[in-house]
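Values in this text are rule-based calculations from the coordinates and carry no lab data. Quick caveat, the model's predicted, so the values are computed rather than measured. We place every Cβ from the backbone using ideal geometry, glycine too, and count neighbours over all the protein chains shown.
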Amino acid sequence: MAKTSLPIVLILSGPNLNLLGQRQPEIYGTATLDDHMNRAEQTAAKLGFEVESLVAQSAGELVTAIHNARSRCAAIIINPGALTHFAWSLSDALATFSGPIIEVHLSNPATRESWRHESVIAPVASGSIAGFGAHGYTLALNAVATLLADKK
């Protein structure tokens with residue numbers, strides 16, 4: 001996508017999300033990460049945003065992306081996958097970001113194994129969206145639009 005002057009929303013995806021569509025479709029659905037990102041880009045365009053996305057297999061890659069987003073991106077949407085539950089480095093990095101942060105989960109961690117119930121991301125996020133499957137990223141982008149409009 002060509003660079004524009006539109007506000008940038010960075011969408012970060014954590015470990016194993018590159019396997020969406022193949023990994024546990026009964027939980028995560030059959031849509032691939034590319035399917036989710038294509039839908040997000042379409043939604044973002046309607047809302048007047050540009051989307052940048054990154055899928056990373058380690059917390060360190062995500063921390064670097066968050067650092068690089070500071071003062072460059074308007075918002076961050078993050079699906080940290082299993083890093084949600086223990087990656088304090090992500091929490092610390094996100095706490096340095098001044099724009100809206102939306103935590104997204106395709107499944108609802110609260111209805112799954114007990115170790116998934118705690119999020120170290122939620123305390124630094126503007127909000128969390130969980131359990132809406134393929135609609136999660138669309139809901140997150142609409143939340144970003146609302147939060148940014150409220151800041152004006």
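Values computed for the structure shown
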{"read-out": "Pairwise centroid distance, computed over Cα atoms, of segment 1-79 with segment 82-104, Å", "value": "14"}
{"read-out": "Stretchable slack from E61 to N108, in nm (0.36 nm times residue separation minus alpha-carbon distance)", "value": "14.4 nm"}
{"read-out": "Estimated distance in nm for a label pair at L139 and E26, the labels positioned 7 Å out from Cα along Cα-to-Cβ", "value": "2.3"}
{"read-out": "Exposure proxy order (Cβ contacts within 10 Å, fewest to most) of D150, D34", "value": "D150, D34"}
{"read-out": "Radius 14 Å from Cβ of S126, net charge of other residues (Lys, Arg +1; Asp, Glu -1)", "value": "-1"}
{"read-out": "Residue of I101, I129, I76 that the Gaussian network model of the chain assigns the largest fluctuation, springs spanning Cα pairs under 10 Å", "value": "I129"}
{"read-out": "Virtual spin-label span in nm between F132 and Q42, 7 Å along Cα→Cβ", "value": "1.6"}
{"read-out": "Theoretical FRET efficiency, 1/(1+(r/R0)^6), r = Cβ-Cβ of L19 and K152, R0 35 Å, to 0.05", "value": "0.35"}
{"read-out": "Residue order, fewest to most surrounding Cβ atoms within 10 angstrom, among F97, F86", "value": "F86, F97"}
{"read-out": "Whole-number percent relative contact order across the chain, with pairs defined as alpha carbons under 8 Å at least 6 apart", "value": "26"}
{"read-out": "The chain: most fluctuating residue of I77, I27, I11 per GNM, C-alpha cutoff 10 Å", "value": "I27"}
